[in-house]
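Shown next, in structure tokens, is the structure this report addresses.
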Amino acid sequence: MDIQSLKVLMEINAMQSLGSVQDTQNNSTTSSMFSEMLGQVLQASTGNSSTESLSTLLYSGDSPVFIPSNLYSGQSSLTEAVSSYPSISKNYGTNYDEIIKKAAERYNVPEKLISSIIKQESNFDPSATSSAGASGLMQLMPGTAKYLGVTNSYDPEQNIMGGAKYISQMLTQFDGNIETALAAYNAGPGAVKKYDGIPPYKETQNYVKKVMNYFQV
């Protein structure tokens with residue numbers, strides 16, 4: 001990818017991060033400066049397969065990303081640039097339901113438990129990295145990732161499959177008790193064995209509570 005194409009992709013990502021902006025003239029919160037372009041973008045996508053493909057890339061969860069007309073006019077080169085960059089074309093603007101389903105079936109773990117862990121660990125950000133060195137959607141530590149056979153923790157499929165395998169092992173080790181398994185996922189199985197249950201660590205106790213809240217909703 002050339003520098004200009006990468007610059008365009010970075011600009012689009014920055015636009016999504018802007019969210020809503022403050023209108024300093026009338027002191028009221030307004031929609032993103034790009035939001036009014038939604039109708040234009042979607043209308044233009046009708047009957048145009050290349051634009052339609054681009055429109056698909058403009059969404060991440062419930063938050064649409066909009067591009068200004070000068071960038072939108074160059075949609076062909078932008079689409080080409082995106083498709084030439086594997087990590088973006090594979091993951092940008094998508095969810096991970098299919099991978100979660102695959103992992104759940106392989107390791108006999110509830111899909112919702114996997115998604116609940118991801119929600120708490122990274123809020124579905126595949127590039128998340130903690131100060132302790134945990135990385136990816138399910139925040140695998142380097143040693144744990146290596147043990148699980150994960151060679152790239154920032155690859156969503158590898159990370160989810162590895163994390164699902166690990167929580168499955170914790171469930172087996174702690175007799176299917178989800179709360180204890182989650183504590184082991186967070187603090188390590190050694191700590192759970194030491195305290196014969198959820199360790200008296202505030203972080204771990206809050207972690208278990210939050211994941212269970214997501215899981216039980």
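The values are calculated or read from the model by the stated rules, or taken from the named source; none is laboratory data. Worth saying up front: this structure is predicted, and the values here are computed from it rather than measured. Quick reminder, even Gly has a Cβ in these numbers, built from the backbone with ideal geometry, and neighbours come from all protein chains shown. These accessible areas exclude ligands, DNA and RNA; they are computed on the full protein's heavy atoms, side chains included. Shrake-Rupley method; radii C 1.70, N 1.55, O 1.52, S 1.80 Å.
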> Can you name the residue in segment 170-187 that is open to solvent by less than 60 Å² (accessible area, probe 1.4 Å) and part of a loop (DSSP other than H, G, I, E, B) and, of all such residues, is nearest to Ala134 (Cα to Cα)?
Replying inline: Phe174
> Yes or no: Gly190 part of a helix (DSSP H, G or I), free of Cβ contacts under 8 Å to residues at least 40 places away in the same chain and under 18 Å from the mean Cα position of the chain (by Cα)?
Replying inline: no
> Which residues, taken from segment 152-169, are under 15 Å from Pro126 (Cβ atoms) and open to solvent by 10 Å² or more (accessible area, probe 1.4 Å)?
Replying inline: Asn152, Ser153, Tyr154, Asp155, Glu157, Gln158, Met161
> Which residues, taken from segment 127-151, are open to solvent by 30 Å² or more (accessible area, probe 1.4 Å) and within 23 Å of Met212 (Cα to Cα)?
Replying inline: Thr129, Ser130, Met141, Thr144
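Restricted to segment 194-217, and to residues that are assigned to a helix (DSSP H, G or I) and in contact with a Ser or Thr (Cβ under 7 Å, 6 or more places away or on another chain), which residue is surrounded by the fewest Cβ atoms within 10 Å (Cβ to Cβ)? First the steps, then the outcome.
At the first step, the residues of segment 194-217 found to be assigned to a helix (DSSP H, G or I) are 194-195, 202-216.
Filter once more, so that each one left must be in contact with a Ser or Thr (Cβ under 7 Å, 6 or more places away or on another chain): 211, 214-215.
Numbers: Val211: 23, Tyr214: 15, Phe215: 19.
Out of the qualifying residues, it is Tyr214.
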>> Any residue in segment 131-159 that is more than 18 Å from Asp97 (Cα to Cα) sitting within a Cβ distance under 8 Å of a residue that is hydrophobic (A, V, I, L, M, F, W, C) and loosely packed, with under 15 Cβ neighbours inside 10 Å? List the pairs, counting only those 6 or more apart or interchain.
In response: Met141/Ala132
